[in-house]
Amino acid sequence: MPKMRPFDENYQQYEKWFDRNKYAYQSELEVIKHVMPEDGNGIEIGIGSGLFAEPLDIEIGIDPSVEMLKLATKRSLKVCRGVGENLPFKDNSFDFSLMVTTVCFLDDAEKSLLEVERILKPKGSFIIGFVDKESPLGNIYLKFKYENIFYRIATFYSTIEVISLLKKTGFIIEKVYQTVFGNLDDIKNVQNYKDGFGEGGFVVIHCKTGNLQKKYGSAKSPAS
């Protein structure tokens, strides 16, 4: 069952987090912009209220939360309601896909990544951003997880775990970047991103679909 209830009930608090932590948010946007394709047909999986899709010029998105989609619609985005494990799009529909702080709320991360791979065109780009549970910020999130209305239901992943899932589902890793260094309350400027992971709380992985032949649906097998 999709973890949407906290977002439907607390969508206003979700928006306020980005206002309070605007420099962390802008730092995340900067690293995603760095790896975004310059053109092509893109979609955001877990578009939420559209806070990433709008400034990144991604016009289409999907999310299970009704209230969040209402906010995204107000930003003139084209949205549909659905879950990452069952994307309502044909094979090879998009040139690129974005998923930001969504993987931790998926019921089945592997199935969702297989779906992302399915809807992307050959050699399509997938950009996934997430909180690395093994970073200093990730350790804080884990420590106070049950005090946060959103993250209490989350399953946090390390960068190594996400990379393993991506490879298992047929993606080829292109680049890994990190940003959001230090405590959120201490971030007073837009931070520079850098290669790798382990220090930054927010990690972005840019990868490509592989060239493997697959059968989708019930007979679909993950690539190793």
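Quick notes on this structure:
- Filtering the stretch 1-53 to residues that are at pLDDT below 95 and polar (S, T, N, Q) leaves ASN10, GLN12, GLN13, ASN21, SER49.
- Looking across PHE144, PHE105, PHE156, one residue alone is aromatic (Phe, Trp, Tyr) and out of contact with any Lys or Arg (no Cβ under 7 Å at 6 or more places or on another chain). It is PHE144.
- When restricted to residues that are in contact with a helix residue (DSSP H, G or I) (Cβ under 7 Å, 6 or more places away or on another chain), assigned to a loop (DSSP other than H, G, I, E, B) and at pLDDT 95 or above, the stretch 54-65 contains 2.
- Yes/no for SER76 being under 16 Å from THR102 (Cα atoms) and among the small types (Gly, Ala, Ser): no
Conditions tested, residue by residue: (1) out of contact with any strand residue (DSSP E or B) (no Cβ under 6 Å at 6 or more places or on another chain); (2) surrounded by fewer than 21 Cβ atoms within 10 Å (Cβ to Cβ).
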{"site": "LYS74", "(1), (2)": "yes, yes"}
{"site": "CYS80", "(1), (2)": "no, yes"}
{"site": "VAL83", "(1), (2)": "yes, no"}
{"site": "PRO88", "(1), (2)": "yes, yes"}
{"site": "ASN92", "(1), (2)": "no, yes"}
{"site": "ASP95", "(1), (2)": "no, yes"}
{"site": "MET99", "(1), (2)": "no, no"}
{"site": "CYS104", "(1), (2)": "yes, yes"}
{"site": "ASP107", "(1), (2)": "yes, yes"}
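- Subset tally (residues that are under 21 Å from ASP185 (Cβ atoms) and touching a Phe, Trp or Tyr at 6+ places or on another chain (Cβ under 9 Å)) for the stretch 22-48: 7
- Beta carbons closer than 7 Å, at least 6 apart along the sequence or on distinct chains, pair a first residue in the stretch 135-147 that is within 14 Å of CYS104 (Cβ to Cβ) with a second that is at pLDDT below 85 and not aromatic (Phe, Trp, Tyr) for LYS145/ARG152.
- Screening THR169 against (1) surrounded by fewer than 21 Cβ atoms within 10 Å (Cβ to Cβ); (2) more than 14 Å from the chain's Cα centre (by Cα) leaves a single unmet condition, (1).
- Subset of the stretch 144-162 (residues that are surrounded by fewer than 19 Cβ atoms within 10 Å (Cβ to Cβ) and not aromatic (Phe, Trp, Tyr)): LYS145, GLU147, ASN148, ILE149, ARG152, ILE153, THR155, SER158, ILE160, GLU161
- Failed condition for HIS206, given (1) touching a helix residue (DSSP H, G or I) at 6+ places or on another chain (Cβ under 8 Å); (2) at pLDDT below 95: (2)
The values are calculated or read from the model by the stated rules, or taken from the named source; none is laboratory data. Keep in mind that what you see is a predicted model, and the values were worked out from it rather than measured. A quick note on method: Cβ atoms are made from the backbone with ideal geometry, for glycine too, and the neighbour counts reach across all protein chains shown.
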